[in-house]
1. State yes or no: is Ser7 assigned to a helix (DSSP H, G or I), open to solvent by less than 60 Å² (accessible area, probe 1.4 Å) and within 20 Å of Lys83 (Cβ to Cβ)?
2. Which residues, counting only those in the range 107-151, are among the small types (Gly, Ala, Ser), within 25 Å of Arg183 (Cα to Cα) and in contact (Cβ under 8 Å) with a residue 12 or more places away in the chain?
3. Can you find a residue that is touching a Cys at 6+ places or on another chain (Cβ under 6 Å), aliphatic (A, V, I, L, M) and farther than 30 Å from Gly84 by Cβ anywhere in the range 152-172?
4. Would you say Glu79 is farther than 20 Å from Leu11 by Cβ, open to solvent by 40 Å² or more (accessible area, probe 1.4 Å) and touching a residue at least 24 places away in the same chain (Cβ under 8 Å)?
5. Filter the range 62-106 for residues that are hydroxyl-bearing (Ser, Thr, Tyr) and at pLDDT 85 or above; which is nearest to Ile42 (Cα to Cα)?
6. Can you confirm whether Glu154 is in contact (Cβ under 8 Å) with a residue 24 or more places away in the chain, farther than 11 Å from Tyr116 by Cα, of a type outside the set (Val, Ile, Thr) and open to solvent by 40 Å² or more (accessible area, probe 1.4 Å)?
Amino acid sequence: IEPIVTSINRLSTDDIKVNVIHAAAGNISESDMNLALASDAIVLGFRVLADATAQRMADMEGMEIHIYEIIYRLVDDVEKALKGMLEPTYTEVTIGEADVRQIFDISSLGKIAGCYVTQGVARRNAKVRVLRNDSVLYDGAIDSLKRFTEDVREVRQNFECGVKVQGFDDLSVGDRLQFYTMRRVEQE
């Protein structure tokens with residue numbers, strides 16, 4: 001039991017603390033299940049069985065009993081569960097930039113930026129940052145992306161497009177649009 005408890009306790013980090021409530025030899029019993037239920041814990045077993053009353057209780061309460069035959073699999077599963085408990089972190093990935101070359105003021109829609117994609121790709125589901133003289137004027141979403149009269153998902157480098165920035169109409173010729181997405185960073 002001691003090597004398993006030690007291995008599990010080593011998984012604690014600054015963000016998440018592992019707390020082994022009870023560790024004992026023998027099959028998983030009803031009292032083990034009551035303890036797990038009262039403390040909102042998970043039940044892990046190593047080369048044991050759950051007795052009939054413990055299994056019935058787990059079924060009634062919607063709890064899971066995890067039984068393992070190999071220590072490293074038990075530790076790996078606990079580690080994966082801990083990583084799943086952490087709030088995901090995201091990093092910004094710039095996917096493209098475009099220069100605003102003309103402004104179209106359409107009464108029913110507002111201002112549409114006539115753009116030329118200078119690098120990467122302009123993607124409709126991406127976020128957009130409006131830059132003027134290297135200062136950020138606005139950071140938000142794309143309302144629409146068009147190539148001529150067609151709605152498109154993306155426009156690649158060296159092509160022109162029309163971009164309607166959601167909630168922002170103070171666009172000017174010479175502004176730069178920076179398109180980016182947020183990518184989830186895998187926990188180590």
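The values are calculated or read from the model by the stated rules, or taken from the named source; none is laboratory data. Just so it is clear, the structure is predicted and the values come from calculations on it, not from any experiment. Cβ sites come from the backbone with ideal geometry, for glycine too, and all protein chains shown count toward neighbours. Just the protein is used for accessible areas: all its heavy atoms, side chains included, with ligands, DNA and RNA removed. Shrake-Rupley method; radii C 1.70, N 1.55, O 1.52, S 1.80 Å.
1. Details: assigned to a helix (DSSP H, G or I): yes; open to solvent by less than 60 Å² (accessible area, probe 1.4 Å): yes; within 20 Å of Lys83 (Cβ to Cβ): yes.
Yes: the conditions hold for Ser7.
2. Listed by number, the residues that qualify are Gly120, Ala122, Ala126, Gly140, Ala141, Ser144.
3. yes
4. no
5. Initial filter on the range 62-106 (hydroxyl-bearing (Ser, Thr, Tyr)): 68, 72, 89-91, 94.
Add one more test, that the residue is at pLDDT 85 or above, and what stays is 68, 72, 91, 94.
Values: Tyr68: 13, Tyr72: 17, Thr91: 32, Thr94: 41 Å.
Here the answer is Tyr68.
6. yes
Yes/no per residue for (1) among the charged types (D, E, K, R); (2) free of Cβ contacts under 8 Å to residues at least 40 places away in the same chain:
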site: Pro3; (1), (2): no, no
site: Asp15; (1), (2): yes, no
site: Asp51; (1), (2): yes, yes
site: Gly62; (1), (2): no, yes
site: Val75; (1), (2): no, no
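Residues are listed down the side, and each one gets a yes or a no for (1) touching a Ser or Thr at 6+ places or on another chain (Cβ under 7 Å); (2) in a helix (DSSP H, G or I); (3) open to solvent by 70 Å² or more (accessible area, probe 1.4 Å):
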residue: Thr13; (1), (2), (3): no, no, yes
residue: Ile16; (1), (2), (3): no, no, no
residue: Ile21; (1), (2), (3): yes, no, yes
residue: Met33; (1), (2), (3): no, yes, no
residue: His66; (1), (2), (3): no, no, no
residue: Arg73; (1), (2), (3): no, yes, yes
